[in-house]
Amino acid sequence: MFVLIVGGGKVGSHLARLLLEEGHEVRVIDSREDVLLKLHRELPAEVIHNGDGTDPVRLEQTGIRHADVLAAVTGNDEANLVATSLARFEFNVTRTIARVNNPRNQWLFNAEMGVDVAINQADLMAKLIVEEMSLGDMVTLLKLRKGDVELVEEKIAESAIVNGKAIRDIAWPPHCTVAAVLRKGDVIAPNGNTVLQAFDEVLAVVRTTERKALADLLGRK
């Protein structure tokens, strides 16, 4: 997959390293001299391009017509919107992702502006903090389908509703599937007859809106 990253700051450079480690073709475009110097210390020279990510001519020179994904991750919301709009409407890039720096600008980052996925860092951090405050020991391992579904893990408390019950006898949230049970170092492939015990670690796939209901079953009463 060929990914073009607009913005070579901390987010852009880290994203580039991760993608390169996974074997993807990556290009990073930035015009700031200090950022370019730092990128040259961290990334292969062929990955780095000096230029303005909102300039259609420079984007084309960087290879945007061959890009599968454009990720606009600068610290400027206007620049990110311009880059994604150009990618979608001028160059027909299949997938566009934009960083939202100011939560008040979130409403602008939509399909009409050429944005497939808008990542609001401040909002994500705030929501994670609220979840950790309210859901005890449940940990989100992976978010799927743009955050609508999660793979979560939680250790069953001694006072939990499910302790000592077979999976088939538990009133699980409607959109929840128990994927595995970890018990004393062993991995159990669960079925309806599997009896859950205190201190089992449950791996489950659950819709985000039902995460709290699942936490109520597995956690302390």
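Every number in this text was worked out from the coordinates using simple rules, so none of it is lab data. Small disclaimer: the values here were computed from a predicted structure and weren't measured. Here Cβ is always computed from backbone atoms with ideal geometry, including for glycine, and neighbour counts include all displayed protein chains.
Quick notes on this structure:
- Chain lengthening between Lys184 and Lys143 when straightened (0.36 nm per residue, less Cα-Cα): 12.1 nm
- Dipole magnitude of the stretch 2-123 about its Cα centre (Cβ charges: Lys, Arg +1; Asp, Glu -1), debye to nearest 20: 140 debye
- The charge dipole of the stretch 42-81, taken about its Cα centre with unit charges on the Cβ of Lys, Arg, Asp and Glu (plus for the first two, minus for the last two), comes to roughly 120 debye.
- Rg and Dmax [Cα atoms of the stretch 157-218; Å; Rg one decimal, Dmax integer]: 10.8, 30
- Whole-angstrom Cα spans of the chain along principal axes, big to small: 65, 35, 29
- Fully extending the segment from Arg41 to Leu20, taken as 0.36 nm per residue of separation minus the present Cα-Cα distance, adds 6.1 nm.
- The C-alpha atoms of the chain define a longest principal axis, and helix 10-21 lies at about 80 degrees to it.
- Relative contact order, whole percent, for the stretch 130-218 stands at 36, derived from Cα pairs under 8 Å and 6 or more residues apart.
- Per-pair calculated FRET efficiency, R0 = 25 Å: Ser159 and Val205 via Cβ, rounded to 0.05: 0.50
- Computed extension gain for Glu78 through Glu60, at 0.36 nm per residue and net of the alpha carbon distance, reaches 4.5 nm.
- Computed [θ] at 222 nm, helices only, for the chain once each DSSP H run of length n ≥ 4 contributes -39500 (n - 2.57): -8000 deg cm²/dmol
- When the convex hull of its Cα atoms is viewed from all sides, the stretch 2-123 shows a mean projected area of 6.7 nm².
- For the stretch 130-218, with +1 on Lys and Arg beta carbons and -1 on Asp and Glu, the positive-most of Ala198, Leu142, Ser159 along the dipole: Leu142
- Dipole check for the stretch 130-218: with +1 at the C-beta of Lys and Arg, -1 at the C-beta of Asp and Glu, and the Cα centre as origin, the magnitude is about 280 Debye.
- For the stretch 1-65, the Kirkwood radius over C-alpha pairs fed into Stokes-Einstein at 37 °C and 0.692 mPa s yields D = 285 µm² per second.
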